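Bear in mind that the values in this text are calculations on the coordinates, not laboratory data. Computed from a predicted structure; not experimentally measured. Cβ sites come from the backbone with ideal geometry, for glycine too, and all protein chains shown count toward neighbours.
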Amino acid sequence: MTAGSTAASAATGAGTAPGAGRTGGARREIDAILQRGADGGRISADEALLLYTDAPLHPLGEAADAVRRRRYPDNVVTYLIDRNINYTNVCVTACKFCAFYRAPKHREGWSHPTGEILRRCGEAVALGATQVMLQGGHHPEYGVEYYEDLFRAVKQAYPQLAIHSIGPSEILHMAKVSGASIEEAVLRIKAAGLDSIAGAGAEMLPDRPRRAIAPLKESGARWLEVMEVAHTHGLESTATMMMGTGETNAERIAHLRMIREVQDRTGGFRAFIPWTYQPENNHLKGRTQATGLEYLRMIAVARLFFHNVAHLQASWLTTGKDVGQLALHMGVDDLGSIMLEENVISSAGARHRSNLRELVWMIRSADRVPAQRDTLYRRLAVHHTPADDPDDSRIVSHFSSTALPGGGVGAGVPVAAPAGAATLPVLPAAPPE
């Protein structure tokens, strides 16, 4: 069996049993690819597909973890404290997998005023957050000017917060509303305070699965074009992938290939973050989903394939904390964040929650050294021994989420005043406006 024949047989299904039908010659081919990848060599998309479908799990994980150990010989795994703040749920794109959006003029549609967004930023700062992700729907009235005003307001009030926000889809939408080019939109929002771009909206980049789940959204090639323009102008980003909406194995690997081709030219992707589709309250209704095993295999293959991407992040929010911790043995060097707020994926059923103590414990009990990082992966505090571990009971995920029962447990957190102001007015947190 060759990589090409495996690619052909894998192109119609979401997964075949690893190792099924493997001959001695194929195993030698797999071993050679694993060794090359572990040594930092480049593997092709066909070879990545062969590994994804046929490589034995343990050798696959060992090769991926060899990459991690070579890149990060001090054994550090990082985490982040941040908050995902949604400015509106009004959206014209109507993606089939999304449970968060509401169509324009829907009675459940809302938009937060700037004061409410600043209030949430203040709570995040009080809890040690170093980053905010400002994200929302494609509101029909929100052009470049809206985002300029929003980013300027956040930067003026909280200059210590990195704005790692929006994604190519929002940039294309705001440019269309304002009649601006992609380049103009990128330059204007960067000047207003955007520090880096989130990987939001990637979902699946190949045409067939993308049209199936988001027919009104831009193509994957267009999504990558925006990222390339941003990278050219000094805005780095992350890259993501949503697994489990009916895409084939070959399409999953094609997604990786499309990202790596841009990375070859720009070097602007800071990290790769795959996550799994959540099945509740959306039009897809969970007809297909990625298993934990498929996710772990993808994590390992991604670490081997992305020889030119520095970081690989696990998504415990969507896979659960057990699979998230297992990913630390498959090449992952970052466990993501204690998200002080998250509404989009939670609306679709992701109800895995954590806190600072537990996230640090997950890293340490996997025989790794925990460290808090910032948006640029600079280490802010390395917890060399258990005595160094932070223990702040206030830092819990989703503490004021509008999507989860029991949200709002952080309502009593003191609010940090914005720069140059004595106090910050506290607006009602609910209901959203």
Checklist outcome for this item: The simple spin-label model distance between residue 94 and residue 310, using points 7 Å out along Cα→Cβ, in nm, is 4.2 nm
Checklist outcome for this item: Any trypsin sites (Lys or Arg not before Pro) in region 76-174 that lie in a DSSP loop and have at most 11 other Cβ atoms within 10 Å would be 105, 107
Checklist entry - What's the extension gain from residue 62 to residue 222 if we count 0.36 nm per residue and subtract their Cα-Cα distance? => result 54.1 nm
Checklist entry - What list of whole percents do you get for P(r) of region 37-152, with Cα-Cα distances grouped in 5 Å bins up to the one holding the largest distance? => result 2, 9, 13, 12, 10, 9, 9, 11, 14, 9, 1, 0
Next on the checklist: Using just the Cα positions, wrap region 112-250 in a convex hull and report its mean projected area in square nanometres, one decimal place.
Outcome noted: 8.9 nm²
Item to check | Label-zone membership for region 60-80, site residue 35, 7 angstrom Cα→C-beta point, backbone N under 14 Å | outcome: 63
Checklist entry - Tell me, in nm to one decimal, what length is gained between residue 44 and residue 69 on full extension, where the rule is 0.36 nm per residue of separation less the Cα-Cα distance? => result 6.8 nm
Item to check | Percent of Cα-Cα distances greater than 21 Å, calculated over region 204-336 | outcome: 41 percent
Checklist entry - What are the ³J(HN,Hα) values, in whole Hz, obtained from phi via the Karplus relation 6.51 cos²θ - 1.76 cosθ + 1.60 with θ = phi - 60°, for each residue of region 233-247 in sequence order, with x given for Gly and Pro? => result 9, x, 9, 6, 7, 10, 10, 10, 8, 9, 9, x, 10, x, 6
Checklist entry - Extension gain residue 293-residue 152, at 0.36 nm per residue separation less the Cα-Cα distance, in nm? => result 46.5 nm
Checklist entry - Between residue 141 and residue 357, what is the label-to-label distance in nm when each label sits 7 Å out along the Cα-to-Cβ direction? => result 4.6 nm
Item to check | Magnitude of the charge dipole, region 76-388, Cβ model with Lys/Arg +1 and Asp/Glu -1, debye to 20 | outcome: 500 debye
Item to check | Ratio of Rg to Rh over region 76-388 (Cα coordinates, Kirkwood Rh, two decimals) | outcome: 0.93
Checklist outcome for this item: Over all pairs of different Cα atoms in region 99-164, the reciprocal of the mean inverse distance gives a Kirkwood radius in Å of 13.1 Å
Next on the checklist: Here is the link list: 155/217; 155/176; 176/321; 105/321. Which ones come out longer than 32 Å on Cα distance?
Outcome noted: 176/321; 105/321
